[in-house]
1. Output the residues belonging to the stretch 133-182 that are β-branched (Val, Ile, Thr) and within 26 Å of LYS91 (Cα to Cα).
2. Return the only residue of ASP227, ASP265 being crowded, with 21+ Cβ neighbours inside 10 Å and modelled with pLDDT of 95 or more.
3. Quick check: is even one residue across the stretch 135-151 in contact (Cβ under 8 Å) with a residue 60 or more places away in the chain, farther than 15 Å from LEU200 by Cβ and either over 18 Å from the mean Cα position of the chain (by Cα) or not in a helix (DSSP H, G or I) (or both)?
4. Give the number of residues within the stretch 116-131 that are open to solvent by less than 60 Å² (accessible area, probe 1.4 Å), in a helix (DSSP H, G or I) and of a type in the set (A, V, I, L, M, F, W, C).
5. What helices (runs of 4 or more DSSP H) lie completely within the stretch 171-237 and have 1 or more residues being of a type in the set (Lys, Arg)?
6. I'm told ASN255 meets every condition in (1) surrounded by fewer than 22 Cβ atoms within 10 Å (Cβ to Cβ); (2) in contact (Cβ under 8 Å) with a residue 24 or more places away in the chain except one. Can you identify the failing condition by its number?
7. Going by the structure shown, is ALA181 touching a residue at least 60 places away in the same chain (Cβ under 8 Å) and surrounded by fewer than 18 Cβ atoms within 10 Å (Cβ to Cβ)?
8. Need a quick list: helices (runs of 4 or more DSSP H) entirely within the stretch 1-111 having at least 1 residues that are modelled with pLDDT under 70.
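The values are calculated or read from the model by the stated rules, or taken from the named source; none is laboratory data. Values in this document were obtained by computation on a predicted structure and should not be read as measured data. Heads up, the Cβs are rebuilt from the backbone with ideal geometry, glycines too, and the neighbour counts pull from every protein chain shown. What goes into the accessible areas is simple: the full protein's heavy atoms, side chains included, and nothing from ligands, DNA or RNA. Shrake-Rupley method; radii C 1.70, N 1.55, O 1.52, S 1.80 Å.
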Amino acid sequence: MANAIAGDVRSALMKPERATVPWAVAWLTWPSLFVANIGVALHAIAVQWDYSTVLTSLLLANVAVLIALESLFPVEHKWKMTGRSFLRDLKYFAVSGVTIAATNGVFGLASIQLNAGHSGPITDWPLWLSVPAALLVVDFFNYWQHRWSHELEGRLGRFLWRTHVAHHLPQQVYVLMHVAAHPVNIFLVRGFVNLLPLYLLGANAETLLLANLVVTLQGLVSHCNLDLRAGWFNYILVGTELHRYHHRANLAESNNYAATLSILDHAFGTFY
């Protein structure tokens, strides 16, 4: 039932008319941003910059770059963000921002007050192990929460769909619509799917910085109105090519439930 409703509200996405995108934009934008973000984060760790400032600065820089590129080389002209679509989605942007900030604050304060000095299984792991482990655990929970929001039947399935459907209401797929979401869905995902598992794993500050950078960048890239190509990399990380299928009206194609690691879709039979 949930997928049937999604098909109705996403009918405009059925047959995108692709624009010509320069090779460098299509193939180099995503890896360049990925390498740049990781490079800045590693430098920040080495010189002990404030990690919150680094995360915020990179988020704004990534958004600015992707908005500029999608305005110049949109994969579909009718998906371009306009003043009208921005005003229409502004309520989602405002609510999402407040909810994310409040959720992070509540869970962060609880962690500080109740478990000062807490450590977990990955606390002392090197970053090349702790970051992939953190991403895998978080995206495992995110995958099932997302999939259940679309496919689960019964009362719980209806509740999850009703708190998720706002993300599928915009008929365009562009960078800023990534934050279009119901506040309850944001609370569930940010609090119980992202922050809580990372805390239980004992992820240290450096692991949190790198893991959050990857998750945030993938969320932006997967929703941008750019024809970004990744080749075989699509079989590891979720990007533009994969997630656009999730927003299509053809229910046979609208799988790809993972937010960051497409290997989970392979593992559970929902990769398209």
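1. Once the filter is applied, which keeps residues that are β-branched (Val, Ile, Thr) and within 26 Å of LYS91 (Cα to Cα), the stretch 133-182 yields THR163, VAL165, VAL173, VAL175, VAL179.
2. Among ASP227, ASP265, only ASP265 is crowded, with 21+ Cβ neighbours inside 10 Å and modelled with pLDDT of 95 or more.
3. Checking the stretch 135-151: at least one residue is in contact (Cβ under 8 Å) with a residue 60 or more places away in the chain, farther than 15 Å from LEU200 by Cβ and either over 18 Å from the mean Cα position of the chain (by Cα) or not in a helix (DSSP H, G or I) (or both).
4. Number of matching residues: 2.
5. Correct list: empty, since no element meets the threshold.
6. Result: ASN255 passes all but (2).
7. So ALA181 fails the test.
8. Counting at least 1 such residues, we get 2-9.
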